[in-house]
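Taking it in order: structure first as structure tokens, then the write-up.
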Amino acid sequence: MLKLVTVIGARPQFIKAAAVSRAVARQDGIAEVMVHTGQHFDTNMSEIFFEELGIPAPDHHLDIAGGSHGEMTGRMLAAIEAILIEEKPDWVLVYGDTNSTLAGALAAAKLHIPVAHVEAGLRSFNRRMPEEINRVLTDHVSARLYCPTTAAVKNLADEGIREGVMHVGDVMYDATLDARGRARSGSDILVRLGVEPGRYSLATVHRAENTDDAASLRAVIAHLEKVALERTVILPLHPRTAQASARFGISLEALKVIEPVGYLDMSALLDGCADVHTDSGGVQKEAYFHGKPCVTLRGETEWVETVEAGWNRLWSMPDYKQPRRPIGEYGRGNAAELIVADLVMVGV
Ligand code: UDP
């Protein structure tokens, strides 16, 4: 029996891990031990995803949140190391680009346990982003690198990483396909918010570069206020952005601010919106998966194919390219299956 230890801790990782865990459960000869670092801990940033998406309850919960990047990552590193020594897995599976990703990868690599990285090869080429540091370092200690796009494969090749690289498509697409149907019958969030399909914009803001200083956050909110002159802007407010706006005294009154929502409600909001304004990585692609144009509230994006195909534009860019083209490289909704099959094939 092949034994995986999966390390997750932040909202987007729960969503990605849900897709892979389902595939693990369907596959013989592989078992998963779930480690939750605690990086995201509010019920609506963590627990709700475990419930809605049927993620197995964590076998280990580290309760490590807050503090500086170094402190958080260091505490996770020590705690994960102890778990890996006890669990003796064949593989450690990490997702994306958070401090939990880096801590899991580094703890494993130091113990000579092979690391598999889901969403490998993404680059913003902006080393001031904490996520960029986490992904570069994680990729360089990973034995299997599961890329969502061809651009990601090329980024790795440019850094000399060619072994163990596989273009599997995007597990977020798997997640979207799973959630969309259930959300259409199961979510009444549009009714609860009193909005009509096609008559509102959906926004999310949480990147450090947009929330760490008052001027940057003001610029983002000013952009959303301009959109709000046309139609209602719904903003499920990330805790970091809530804290920042309170700290800087920035009013969010022009926007329809709601608490962060679960994945089914989020899927319903994406399905019903006119367009999306976001600094999130995942939400940029989900906009495309739901056939909605997106404005990315950043200076660069890792998901360059969404821009090339005309679905997404950086907010500094003039307008969308027309006509919009379909994007094939995110796969057919079977990225998780390909990942699990590959791990089983590679074995111990
Ligand atoms: N999301 C959600 N509820 C919300 C806001 C976002 O379920 O209130 C989902 C969103 O659909 C996407 C994921 O969380 O799948 C993105 O997470 P986030 O933006 O925090 O991280 P990133 O993708 O930028 O790493």
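The values are calculated or read from the model by the stated rules, or taken from the named source; none is laboratory data. Predicted model, so just to flag it, every value in this text is computed and none were measured. Ideal geometry is used to build each Cβ from the backbone, glycine not excepted, and the neighbour counts take in all protein chains shown.
Odds and ends about this structure:
- Taking (1) touching a Lys or Arg at 6+ places or on another chain (Cβ under 6 Å); (2) free of Cβ contacts under 8 Å to residues at least 60 places away in the same chain; (3) within 16 Å of the ligand (Cβ to nearest atom) in turn, E132 satisfies each apart from (1).
- Verdict on H40 being surrounded by fewer than 20 Cβ atoms within 10 Å (Cβ to Cβ), of a type outside the set (S, T, Y), in contact (Cβ under 8 Å) with a residue 12 or more places away in the chain and within 16 Å of the ligand (Cβ to nearest atom): no
- Among the residues making up the stretch 259-289, those that are surrounded by fewer than 21 Cβ atoms within 10 Å (Cβ to Cβ) and more than 12 Å from the ligand (Cβ to nearest atom) are A274, D275.
- Lone qualifier among L255, L269, L237 - being under 21 Å from Q13 (Cβ atoms) and in contact with an Asp or Glu (Cβ under 9 Å, 6 or more places away or on another chain): L237
- Total residues in the stretch 134-151 satisfying the condition of being outside any helix (DSSP H, G or I), buried (at least 24 other Cβ atoms within 10 Å of the Cβ) and not β-branched (V, I, T): the figure is 5.
- With respect to the conditions (1) surrounded by 24 or more Cβ atoms within 10 Å (Cβ to Cβ); (2) touching a strand residue (DSSP E or B) at 6+ places or on another chain (Cβ under 6 Å); (3) closer than 23 Å to A82 by Cα, A107 lacks only one, and its number is (2).
- For first residues located in the stretch 153-174 and without any contact (Cβ under 8 Å) to a residue 24 or more places away in the chain and farther than 16 Å from Y330 by Cβ, partners that are of a type in the set (V, I, T) and part of a helix (DSSP H, G or I) and lie 6+ apart or on another chain with Cβ distances below 8 Å form the pairs E159/V136.
- Filtered residue count, the stretch 157-181, keeping only those that are assigned to a helix (DSSP H, G or I) and either buried (at least 24 other Cβ atoms within 10 Å of the Cβ) or within 14 Å of the ligand (Cβ to nearest atom) (or both): 10
- Matching option when the condition is basic (K, R) and either part of a loop (DSSP other than H, G, I, E, B) or surrounded by fewer than 20 Cβ atoms within 10 Å (Cβ to Cβ) (or both), among K16, K3: K3
- Enumeration of residues in the stretch 194-221 that are farther than 20 Å from S124 by Cβ, surrounded by fewer than 16 Cβ atoms within 10 Å (Cβ to Cβ) and among the aliphatic types (A, V, I, L, M): A214, A215
- Verdict on L93 being surrounded by 24 or more Cβ atoms within 10 Å (Cβ to Cβ) and modelled with pLDDT of 95 or more: yes
- Out of G331, G310, one residue alone is part of a loop (DSSP other than H, G, I, E, B), more than 13 Å from the ligand (Cβ to nearest atom) and closer than 29 Å to R22 by Cα. It is G331.
- Test: residue in the stretch 275-294 that is outside any helix (DSSP H, G or I), in contact with an Asp or Glu (Cβ under 6 Å, 6 or more places away or on another chain) and charged (D, E, K, R): yes
- Flag if T101 is out of contact with any strand residue (DSSP E or B) (no Cβ under 8 Å at 6 or more places or on another chain), assigned to a helix (DSSP H, G or I), polar (S, T, N, Q) and touching a residue at least 24 places away in the same chain (Cβ under 8 Å): no
- Residue match in the stretch 240-258 (condition: within 15 Å of the ligand (Cβ to nearest atom), among the hydroxyl-bearing types (S, T, Y) and free of Cβ contacts under 8 Å to residues at least 40 places away in the same chain): yes
- Here is the figure for the stretch 313-328: residues that are surrounded by 14 or more Cβ atoms within 10 Å (Cβ to Cβ) and part of a loop (DSSP other than H, G, I, E, B) total 5.
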